[in-house]
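J.: Handing you a structure now.
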Amino acid sequence: MRGMRSGAVNRVLLALAGLVLFVLGGSVLAVGLGAPSPAWWPHSGRHDVLLSRAERTAWRDQGWWWPALIALLAVLLLIGLWWLVSVLRRHRLYEILIDTGDGTGALVRGGALESALADDAARLPGVAGAGTQLAGRRTSPTLRAGLRLEPDASPAATLADFSARPLTAARDSTGLESLPTEVRLRRVKHKADRVS
């Protein structure tokens, strides 16, 4: 759900950034090794510098130049740090620690519990499909569930069935006293019936 979408966005952004850097770096390397430079290339040849002395000192006497440059670099640094933190932060819970009563505990894979919950929810009457995601801490997990309802399904009845069957089974099998859950319901789109 949200974690899955942000993971896809991160992969796309990283792929685009990598592609741009690869093309630019490859172009610089090729021209530096003596390949003919394309017409759009800003430098004339192999021994040309990236910034000439005139380009480097053109705005030195302007009062806005240094504050603008520092502000731009600070914004780029903050965006980079924000992206790094969002990528490194774990959105998905990979394992749950279960108290077995003997002081050692047991670990249950989060993906296995998510899959079991989604399968059980998908078998409920009126549910066309389901997705689940565990979050939180290993000792106190939370659950996000998305249920796609058939057009004739009752949201209240489906929610009650989900709470009574799959959710209760998950709590009982893991020994958790509570499993705070957020359920999002949406209807499956269907074509209008035609009368002939």
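The values are calculated or read from the model by the stated rules, or taken from the named source; none is laboratory data. Predicted, not measured: the structure shown is a model, and the values here were computed from it. Note that we place each Cβ from the backbone using ideal geometry, even for glycine, and neighbour counts take in every protein chain shown. With ligands, DNA and RNA removed, areas are computed over all heavy atoms of the protein, side chains included. Shrake-Rupley method; radii C 1.70, N 1.55, O 1.52, S 1.80 Å.
J.: So if the hydrodynamic radius of segment 41-146 is defined as the Kirkwood radius over C-alpha pairs, what does Stokes-Einstein give as its diffusion coefficient at 20 °C and 1.002 mPa s, in µm² per second? Can you show the working numbers first?
T.: Working: Rh = 19.6 Å.
Answer from the Stokes-Einstein relation: 109 µm²/s.
J.: A further question on this structure: Roughly how many debye, to the nearest 20, is the charge dipole of segment 21-156 about its Cα centre, given +1 on each Lys and Arg Cβ, -1 on each Asp and Glu Cβ, and no other charges?
T.: Here segment 21-156 has a charge dipole of around 500 debye.
J.: Using modelled amide H (1.01 Å from N, peptide plane; none on Pro or chain starts), what sits under 5 Å from the amide H of Gly136, excluding residues fewer than 5 places away?
T.: Sorted by chain and number, the residues that satisfy this are Thr142.
J.: Given DSSP loops and a limit of at most 14 other Cβ atoms within 10 Å, what is the longest stretch of the chain that contains no such trypsin sites (Lys or Arg not before Pro)? Don't jump to the answer; show the numbers that get you there.
T.: Values: sites that count: Arg46, Arg60, Arg89, Arg90, Arg92, Arg123, Arg137, Lys189, Lys191, Arg194.
With a cap of 14 other Cβ atoms within 10 Å, the longest stretch comes to 138-188.
J.: Any idea how far apart Ser52 and Lys189 come out in nm if each label point goes 7 Å out from Cα toward Cβ?
T.: 5.7
J.: Not counting ligands, DNA or RNA, and with a 1.4 Å probe, what is Leu16's accessible surface area in Å² rounded to the nearest 10?
T.: So the heavy atoms of Leu16 present about 100 Å² to solvent.
J.: Next up: Using a 1.4 Å probe on the protein heavy atoms, what percent of the accessible area of the chain belongs to carbon and sulfur? Could the numbers behind the result be given before it?
T.: Working: 8860 of 14370 Å².
Carbon and sulfur: 62 percent of the exposed surface of the chain.
J.: If r is the Cβ-Cβ distance from Glu95 to Leu73 and R0 is 45 Å, what FRET efficiency results, to the nearest 0.05?
T.: FRET efficiency, Glu95 to Leu73: 0.65.
J.: Which translational diffusion coefficient, to the nearest whole µm²/s, is obtained for segment 88-196 from the Stokes-Einstein equation, given a Kirkwood hydrodynamic radius over C-alpha pairs, 37 °C and 0.692 mPa s?
T.: Once the numbers are plugged in, D ends up at 219 µm²/s.
J.: Next question, about the same structure. With point charges of +1 on the Cβ of Lys and Arg and -1 on the Cβ of Asp and Glu, referenced to the Cα centre of the chain, which listed residue (Ser115, Phe162, Trp41) lies farthest in the positive direction of the dipole?
T.: Going by the Cα projections, it comes out as Trp41.
J.: Report the label-to-label distance for Val87 and Glu150 in nanometres (one decimal), using points 7 Å from each Cα along the Cα→Cβ vector.
T.: 4.4
J.: Would you pull out the residues with amide H under 5 Å of Val183's amide H, same chain only if 5 or more places away, H placed 1.01 Å from N?
T.: The list, which skips near neighbours in sequence, is Ala145.
J.: Provide, as a two-decimal number, the C-alpha radius of gyration of segment 105-168 over 2.2 N^0.38 Å, N being how many residues it has. Don't skip to the end; give the middle numbers.
T.: Numbers: Rg = 12.5 Å, N = 64, 2.2 N^0.38 = 10.7 Å.
Relative to the 2.2 N^0.38 Å estimate, segment 105-168 comes out at 1.17.
J.: Please give the helix 110-122 orientation as an angle from the longest Cα principal axis of the chain, in degrees from 0 to 90, rounded to the nearest 10.
T.: 60
J.: What does the accessible area per residue of segment 42-196 come to in Å², with a 1.4 Å probe and no ligands, DNA or RNA counted? Walk me through the numbers before you get to the answer.
T.: Details: 11250 Å² over 155 residues.
That works out to 73 Å² for each residue.
J.: What do you get for the angle between helix 65-88 and the principal long axis of the chain? Use alpha-carbon atoms, 0 to 90 degrees, nearest ten.
T.: 30
J.: Find the Cα radius of gyration of the chain, compare it with 2.2 N^0.38 Å by division, and give the number to two decimals. Please list the in-between numbers first.
T.: On the way: Rg = 27.7 Å, N = 196, 2.2 N^0.38 = 16.3 Å.
Taking the Cα Rg and dividing by 2.2 N^0.38 Å, one obtains 1.69.
J.: Taking K and R as +1 and D and E as -1, what net charge do the other residues with C-beta under 9 Å from the C-beta of Val188 add up to?
T.: Working: positive: Arg148, Arg186, Arg187, Lys189; negative: Glu150.
Surrounding charge for Val188 is +3.
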